[in-house]
Amino acid sequence: MLRTPALITAILLFFSEFTFSDEFEFVDSTFCPFICDPAIEGKEGFVIDILRDALATKNHTMNFTIVPYKRALSLVRSGEAHALPDIYKADAPDLITGNSILRLGNNQFFVRHDSDWRYSSPASWSDIVIGVIDGYTYADKAFDDYLTQQKNTENSKVMFIGGEHAYKRLLMLLFSKRIDAILDDKAFIQYELARFNRETPTDKVFSVISAGTLSVGGQHVVAYSPKHPEIAQQLMDIIDPFVINLYQTGEIKRYLAPYGIN
């Protein structure tokens, strides 16, 4: 049968549209409402929603696996995974990062209501025991250096928490007075505290207050494996313009609203 040029063009378009699709491996820990465990929250978090939609514009998909944060870094560094959805650039300068910013950080110290400690200067850190997620940085060089120093100190004034349910464990340590403060993004702590109260079998409502802001404006980005530079570039070419357009047009609100974020 003689195929007309128009028919051939249609066939080529069909196969270019639907055949050449890839699935990319993404890994990260949870810090809802940005990255959530759907088995617990019923949704994946607005960062994952954005990345899935970005890849769908080119008929690609992502396989997202939840693993502890340090494990996620290891998998991306080794090339066993293609990307980590949300990270400070300073957390892993050896990874490849694009030009789009997923969100800006707002790292604050949180204490119990009966605490009179307030963050006033770096000297005040040593007055208390602070709980943090193992492996995180906080967009403040002095504090990040303090963490490095405390990690190698025998009687450390910092408790480093890793593995699963890290935020729940941090809150339990705070309310049991084993630590005096926790440090992380305000949105994470608010979300995790609400879940902690839902899941804790008691009539008591646990609450925290901010004891001061450490850093604002740290840039959260997608980080790609240096073992796969071609794939990293392919993903950046898709994700960067998609994310930038969301913020330029205001469409980002459509992703934030289901999570109660303004």
Exercise. Out of L235, L104, L147, any idea which swings most in a Gaussian network model of the chain, alpha carbons joined below 10 Å?
Worked result: L104
Seminar exercise, completed: Here the gain from full extension of R178 to Q233, 0.36 nm per residue of separation minus their alpha-carbon distance, amounts to 15.3 nm
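Given a 1.4 angstrom probe, I'd like the percentage of the accessible area of the chain that is carbon and sulfur, rounded to a whole number.
Carbon and sulfur: 54 percent of the exposed surface of the chain.
Could you state the orientation-averaged shadow area of the convex hull built on the Cα atoms of the range 153-262, in nm² to one decimal?
Its average projected convex-hull area is 10.8 nm².
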Exercise. Just P201, P38, P241 to compare: in a GNM of the chain, with alpha carbon springs under 10 Å, which one fluctuates most?
Worked result: P201
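Among the listed pairs K43/K177; K43/K157; K89/K151; K168/K227; K70/K157, which have their C-alpha atoms separated by more than 28 angstrom in this model? Spell out each step's value before the answer.
Numbers: K43/K177 32 Å; K43/K157 36 Å; K89/K151 21 Å; K168/K227 34 Å; K70/K157 21 Å.
Long pairs (Cα-Cα over 28 Å): K43/K177; K43/K157; K168/K227.
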Seminar exercise, completed: For the range 143-213, using Cα atoms only, the Rg and Dmax in Å read 13.3, 40
Seminar exercise, completed: A chain fully extended from A257 to S126 at 0.36 nm per residue, minus the present Cα-Cα distance, gains in nm 43.3 nm
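Which GluC sites (Glu not before Pro) in the range 40-142 sit in a loop by DSSP (not H, G, I, E or B) and have at most 14 other Cβ atoms within 10 Å of their own Cβ?
Listed in order of number, the matching sites are E80.
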For this session: At 4 °C and 1.567 mPa s, grab the translational diffusion coefficient of the range 219-262 from Stokes-Einstein with a Kirkwood Rh over Cα pairs, rounded to a whole number in µm² per second.
Result: 108 µm²/s
For this session: For G163, list long-range residues whose amide hydrogen, built 1.01 Å from N in the peptide plane, is under 5 Å from its own amide hydrogen.
Result: Y69, K70
Seminar exercise, completed: Between V216 and N59, the FRET efficiency computed from the C-beta separation at R0 = 45 Å comes out, to the nearest 0.05, as 0.75
Seminar exercise, completed: The relative contact order of the range 15-139, taking Cα pairs under 8 Å that sit 6 or more residues apart, comes to a percentage of 26 percent
Problem set entry | Distance (nanometres) between label positions extended 7 Å along Cα→Cβ at K70 and A90 | 2.0 nm
Problem set entry | Cα Rg, Dmax (largest Cα-Cα span) when computed across the chain, Å | 21.3, 85
Problem set entry | Under Karplus coefficients 6.51, -1.76 and 1.60, residue-wise ³J(HN,Hα) of the range 198-204 in Hz, glycine/proline x | 5, 8, 7, x, 7, 7, 6
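With runs of 4+ DSSP H residues as the only contributors, calculate the mean residue ellipticity of the chain at 222 nm using -39,500 (n - 2.57) per run, divided by the residue total and rounded to the nearest 500.
-11500 deg cm²/dmol
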For this session: Restricting to the range 98-184, compute how many DSSP beta bridges are antiparallel as a %, nearest 5.
Result: 35 percent
Seminar exercise, completed: Expressed in angstrom, Rg and Dmax over the Cα atoms of the range 94-218 are 14.8, 47
Exercise. To the nearest 0.05, how large is the calculated FRET efficiency for D37 and S207 if R₀ is 25 Å and r is the Cβ-Cβ distance?
Worked result: 0.60
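The values are calculated or read from the model by the stated rules, or taken from the named source; none is laboratory data. Keep in mind that this is a model prediction, so the values were computed, not measured. Positions of Cβ are backbone-derived with ideal geometry, glycine not excepted, and every protein chain shown enters the neighbour counts. Protein only, heavy atoms only, side chains kept; ligands, DNA and RNA dropped before computing areas. Shrake-Rupley method; radii C 1.70, N 1.55, O 1.52, S 1.80 Å.
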